Amino acid sequence: MPMTNKLQQYFPMIRTKEQLMAEIEGKPKLKSIFYSWKEEARQDFINFCTGARGVKMMYDFISKEILNPEIYRERVNEFLSLLLNQKVKILEVLPNDGTRLADESTLLIMDIVVELEDGSIVNLEIQKIGYMFPGERSACYSADLLLRQYKRVKQKAEKKLDSHTKMSYKDIKDVYTIVLFQQSPQELKKFKDVYMHRFKQESDTGAKMNLLQKYLFVTLDNFNKIKHNNDKIIKLDNRLEAWLAFLSMDAPEDIVQILEQYPDFKALYNQVYDICLNIEEVMGMFSKELLELDRNTVELMIDEMQKQADNLRTQNENMTLENEKLGLENEKLGLANENLVFENESIKSENESIKSENERIKNENKEIRAMMEELKRQNEEILKSLGKK
């Protein structure tokens with residue numbers, strides 16, 4: 001039995017390709033939009049609406065609908081509680097203040113900020129592609145949220161009627177930055193057997209202080225590879241893994257396995273397929289998704305070009321340092337050569353002196369031998385003359 005039919009058993013509202021195309025062809029506006037897309041995009045849309053490719057939660061309009069804290073607060077409470085490994089309850093949904101760089105907003109699937117019942121702040125993001133410098137960026141936005149919380153606490157203290165009430169730093173609560181990466185950055189992708197990374201500031205001496213800023217990075221691509229590493233059988237060990245699978249796995253066979261292990265997720269899938277029934281609205285959102293995808297591709301190319309430029313600059317700096325080192329080595333070698341030449345000249349001069357001294361001694365020896373010969377001759381003559389007498 002085709003997998004699409006199996007999904008239709010779970011979700012009878014799913015339409016066939018023929019039913020979908022009949023509605024599109026029958027409405028000029030929808031037909032115009034549909035055929036303005038590239039062939040690959042048209043096929044993706046058909047697969048999405050007919051269940052042939054399951055259901056893609058990573059579309060912006062889908063994830064924002066499913067995890068809307070204004071409408072489905074208990075659902076988001078549960079997801080955040082699982083991510084933070086503690087029971088949490090949303091008190092208020094805070095507005096995004098627009099401090100993000102313009103290019104970054106195109107790579108965000110979802111970005112919500114909530115205040116919890118204990119006063120702490122949570123920023124939950126889903127990113128299509130991990131930005132360059134993910135740690136630095138997350139730290140900057142965490143710092144921004146911390147400052148926003150400080151201002152809110154200070155304003156509340158000032159509004160109280162009791163003039164003696166003053167703001168205390170103990171009123172500032174934790175700020176959590178949670179980022180789910182559809183395609184994780186290189187800094188995290190290399191940890192192939194891990195999909196959750198928790199960060200917080202700690203002392204190197206063991207001293208304990210709450211420095212408030214905490215981070216959780218979830219690499220969904222690594223999660224998928226880990227869970228698909230056993231003959232296509234997905235074993236979800238806990239409810240958090242069920243949530244991550246729901247958000248990141250869109251193959252029909254994966255959806256069936258999620259539903260078999262966690263049947264209550266059927267309500268969430270039902271919600272998505274109900275959205276797909278409004279073809280005109282979905283096509284409008286899908287067109288926006290394609291536009292964002294094109295912008296993402298450009299931004300990714302810019303990021304990659306920037307990365308290459310940074311690498312080239314680093315290489316050039318390293319080459320410059322290496323050339324400077326070689327220059328110093330050459331200078332040292334030049335000085336060494338000059339010293340060798342000087343030493344050779346000294347040795348040559350010494351050799352000449354020795355040679356000259358040897359010649360002098362040789363000449364002296366010749367003179368001494370001549371004198372000895374002369375003395376010998378004279379002795380012989382004396383002896384001879386004495387013999388005659």
Report task. Starting from the Cα-Cα distance between Glu331 and Met167, subtract it from 0.36 nm times their residue separation and give me the gain in nm to one decimal. Result -> 52.5 nm
Report task. May I have the extent of the alpha carbons of the range 306-389 along their three principal axes, as whole Å values ordered from largest to smallest? Result -> 122, 12, 7
Report summary line: Computed on Cα atoms, the radius of gyration and Dmax of the range 19-95 in angstrom are 18.1, 52
Query raised in the report: Label Glu136 and Gln201 with points 7 Å out from Cα along Cα→Cβ: what is the distance between them in nm?
Result: 1.9
Query raised in the report: Direction-averaged shadow area of the convex hull around the Cα atoms of the range 118-161, nm²?
Result: 3.9
Query raised in the report: What accessible surface, in Å², does a 1.4 Å probe find on Met371, ignoring ligands, DNA and RNA and rounding to the nearest 10?
Result: 120
Report task. With springs connecting C-alpha atoms under 10 Å apart, model the chain as a Gaussian network and identify which of Leu333, Leu91, Leu220 has the largest mean-square fluctuation. Result -> Leu333
Report summary line: the range 62-98 and the range 247-261 have their Cα centres apart by a whole-number Å value of 22
Query raised in the report: Tell me, how many Å apart are the Cα centres for the range 120-154 and for the range 167-232?
Result: 13
Requested in this report: Taking amide H positions as placed in the peptide plane 1.01 Å from N, state which residues far from Gln183 in sequence (5 or more) or on other chains have amide H under 5 Å from it.
Outcome: Ile129, Gly130
**Report entry** Estimated [θ] at 222 nm from DSSP helical runs (n ≥ 4, -39500 (n - 2.57)) normalised by residues in the chain, nearest 500
**Finding:** -21000 deg cm²/dmol
Requested in this report: Note the direction-averaged projected area, equal to a quarter of the hull surface, for the Cα convex hull of the range 212-272, in nm².
Outcome: 5.2
Requested in this report: Could you tell me which of Leu236, Val179, Ser287 has its Cα farthest along the dipole of the range 173-298 towards the positive end, charges placed at Cβ (Lys, Arg +1; Asp, Glu -1), taken about the Cα centre?
Outcome: Val179
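If N is the number of residues in the range 40-84, what value comes out of its Cα radius of gyration divided by 2.2 N^0.38 Å?
The value comes to 1.47.
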Report task. Kindly express, to the nearest 10 degrees and within the range 0 to 90, the angle between helix 252-261's C-alpha long axis and the longest C-alpha principal axis of the chain. Result -> 70
Query - Computed over the range 20-63, Kirkwood Rh from alpha-carbon pairs, angstrom - result: 11.2
Query raised in the report: What is the packing order of peptides 343-351, 249-257, 134-142, taking the mean over residues of other C-beta atoms within 10 Å and listing the highest first?
Result: 249-257, 134-142, 343-351
Report summary line: the chain: spread of alpha-carbon positions along the three principal axes, whole Å, largest first, is 162, 70, 40
Report task. Find the Rg to Rh ratio for the range 321-366, where Rh is the Kirkwood radius over alpha-carbon pairs and Rg uses the same atoms. Result -> 1.48
Query - Most fluctuating residue given options Leu326, Leu312, Leu145, as computed from a GNM of the chain linking Cα atoms under 10 Å - result: Leu326
Query - For the chain, built as a Gaussian network whose Cα springs stay under 10 Å, the top-fluctuating residue of Asn278, Asn96, Asn379 - result: Asn379
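The values are calculated or read from the model by the stated rules, or taken from the named source; none is laboratory data. Quick caveat, the model's predicted, so the values are computed rather than measured. When we count neighbours, we look across all protein chains shown, and the Cβ atoms used for this are built from the backbone with ideal geometry, even at glycine. Side chains included, ligands, DNA and RNA excluded: accessible areas come from the protein's heavy atoms. Shrake-Rupley method; radii C 1.70, N 1.55, O 1.52, S 1.80 Å.
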